[in-house]
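Undergrad: One structure follows; several queries about it will come next.
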Amino acid sequence: MRRTRRIRAIVAVSATMVLAAGMAVAISTSANAATTLGAAAAQSGRYFGAATNSFMLNRQPHATVLNREFNSIVAENEMKWYHTEPNQNQFNFTAGDQLIAHARARGMTVRGHTLVWHAQQPAWAENMSGTALRNAMINHINRVAGHWRGQIHSWDVVNEAFADGGSGARRDSNLQRTGNDWIEVAFRTARAADPGAKLCYNDYNTDGINAKSTAIYNMVRDFKARGVPIDCVGLQSHLGTTLDPTYQQNIQRFADLGVDVQITELDIQQGANQANMYGQVTRACLAVARCTGITVWGVLDPDSWRTGANPLLFDGNGNKKPAYDAVLNALNAGGNNPPPPTTAPPPVTTPPPSGGGCSASVSLNSWNGGFVATVRVTAGSSAINGWRVRLTVPSGATVTGSWNANRSGNTGAVDWTNVDYNGRVAAGQSTEFGFQATGNGSIPTPSCTAS
Ligand code: G2I
């Protein structure tokens, strides 16, 4: 009897404690819970982004939802090759500039999509092959990544280069036919053009462990082993009505190679499982420290490329769907596994000259028949207001394009001078210019004269 009473008392006390603890949790959760996707993701150092287009930036209700909910954006189409270089060597950055200005004004980061892809090429590139196409690709990367240098969080350097199905092979394309090394050439070129951007390989049907994702895994492992610059893998995640049970395991195995993983184009078929799957995908990313962000491929259902699938988080009136709540709750509950802080690009170790004036150093990214040169100009112990670099192009080589400098010619000894925005260099600081050439050979250390 006495024992029974004691047990009852303990039960009563524990019940009160559980209730109290439950209330405390409920109160602290609602007090701390973020109320937008971007803020909720930011709690664990991640971003939550959306694809959009410049012509939608002021369209309602898209604009209100975009600006309120997301802390990252990506161009759905307007940074693709056909858009940015409609005619060879004639660049159009207007829409991309608008998207970046919109993002920067609101503290959003920008994903770059995409430097090279077999689809959505301009007609002039579609009709090219061999060395001409390879050189056009390199020039495109240099000019586009160079234009937005320092403003892109992550670039999809190469998009969708692997075949579907079980072969694990590369997809056939005009780019692939220029030689199997086209992907690594693209990554090396992108690194030189924008050393601060994370460089991603991006693909679809990679949302679990399968032949295609394994082929990509093997490529990334090979790139890491050989020092080809790659920082991240994008899993597009255009999903149907079920999630592959190995979804998280697949993210984890890429992370274990030492690259970040980003969910880059998430959308999920509307249906009974939509909200649940959105929650599952979000939790899978949060569970892997190196899964650093999620982007949905559009904002409002009617604007989705998947007509009629209603695969996004908001309906046409901008109302939040159950899928939205599932994502927000998952983001608010997660965050116990924040990704490591992003590392700055490695410092360039050119010693500054001891006196005034300037010095120059050159690094080459070469392939059989061509190269990209990056030239670093460093001011000495005093600031300089302009510079001239004399550099000898290898015999037989010809400069086909350059950026961030004016040049006197394209063979032999060439003089390069600053353009209006990079002439002034503070004491001990550096600026860079670059050029692309056909031919091969080494370049002796260039001379530099301050003006
Ligand atoms: O296909 C879905 C995505 C797969 N991964 C790469 C993404 O870049 C791709 O995005 C879609 C865009 O959402 C569509 O909006 O890429 C399509 C092109 O492959 C885009 O569609 C095109 C239409 O096919 C064109 O008719 C249209 O002119 O958009 C163009 C611009 O509105």
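Computed from the coordinates by the stated procedures, all read-outs in this text should not be read as laboratory data. What you see is a predicted model, and the numbers here were worked out from it, not measured in a lab. Here Cβ is always computed from backbone atoms with ideal geometry, including for glycine, and neighbour counts include all displayed protein chains.
Undergrad: Apply 1/(1 + (r/R0)^6) to the Cβ-Cβ distance of ALA33 and SER395, taking R0 = 56 Å, and write down the FRET efficiency to the nearest 0.05.
TA: Computed FRET efficiency for ALA33 and SER395: 0.25.
Undergrad: May I pose another question? Give me a comma-separated list of calculated 3J(HN,Hα) values for segment 230-240, in order, Karplus coefficients 6.51, -1.76, 1.60 applied at θ = phi - 60°, integers in Hz, x for any Gly or Pro.
TA: Per residue, the Karplus-derived 3J(HN,Hα) values read 9, 10, 7, 10, x, 9, 5, 6, 7, 10, x Hz.
Undergrad: How far apart, in nm, are two points set 7 Å out from the Cα along the Cα-to-Cβ line at ASP325 and at THR242?
TA: Placing both labels 7 Å beyond Cα along the Cβ direction yields 2.7 nm.
Undergrad: Starting from the amide H of ASP260, placed 1.01 Å from N in the peptide plane, find each other amide H under 5 Å away whose residue is 5 or more places distant or on another chain.
TA: For ASP260, the qualifying residues are CYS232, VAL233.
Undergrad: Select from the chain the helices, each a whole stretch of DSSP H, whose alpha-carbon atoms run 18 Å or more along the helix axis and whose Kyte-Doolittle mean is at least 0.0; answer none if there are none. If you can, show how the numbers build up before the last one.
TA: Working: long enough: 2-32 (45 Å, 0.69); 130-147 (26 Å, -0.17); 211-226 (22 Å, -0.49); 274-287 (20 Å, 0.03).
Those that clear 18 Å and a mean of 0.0 are 2-32, 274-287.
Undergrad: Hey, got the Cα dimensions of segment 238-321 along the principal axes, in Å, largest first?
TA: Reported extents, whole Å, longest axis first: 41, 20, 19.
Undergrad: Let me ask you something else. Consider just the alpha-carbon atoms of the chain and return their Rg together with their Dmax, both in angstrom.
TA: Using the Cα atoms of the chain, the pair Rg, Dmax is 25.7, 105 Å.
Undergrad: Quick check: Cα centre of segment 52-102 to Cα centre of segment 436-451, how many Å?
TA: 36
Undergrad: Compute the length gained on full extension between ASP256 and VAL419: take 0.36 nm times their separation in residues and subtract their Cα-Cα distance, giving the result in nm to one decimal. Could the numbers behind the result be given before it?
TA: Values: separation 163, 0.36 × 163 = 58.68 nm, distance 4.31 nm.
Gain on stretching ASP256 to VAL419: 54.4 nm.
Undergrad: Which FRET efficiency value, to the nearest 0.05, do you get for ARG106 and ASN276 by plugging their Cβ-Cβ distance into 1/(1 + (r/R0)^6) with R0 = 35 Å? Write down the numbers at each step before the final one.
TA: On the way: r = 31 Å, r/R0 = 0.89.
Plugging the Cβ-Cβ distance into 1/(1 + (r/R0)^6) gives 0.65.
Undergrad: Largest first, please: the extent of the C-alpha atoms of segment 109-259 along each principal axis, to the nearest Å.
TA: 43, 31, 31
Undergrad: For the chain, what does -39500 (n - 2.57) per DSSP helix run (n ≥ 4), summed and divided by total residues, give at 222 nm, in deg cm²/dmol to the nearest 500?
TA: -10000 deg cm²/dmol
Undergrad: Can you list the residues of segment 290-305 with backbone N under 17 Å from a point 7 Å past the Cα of ASN77, pointing along Cα to Cβ?
TA: 297-305
Undergrad: Measure off 7 Å from each Cα along the Cα-to-Cβ vector at ARG221 and ALA426, then give the distance between these two points in nanometres to one decimal.
TA: Computed distance between label sites ARG221 and ALA426 equals 4.5 nm.
Undergrad: Can you tell me the length gained on complete extension of the stretch PHE55 to ALA132, counting 0.36 nm per residue apart and subtracting the Cα distance?
TA: Fully extending the segment from PHE55 to ALA132 adds 24.4 nm.
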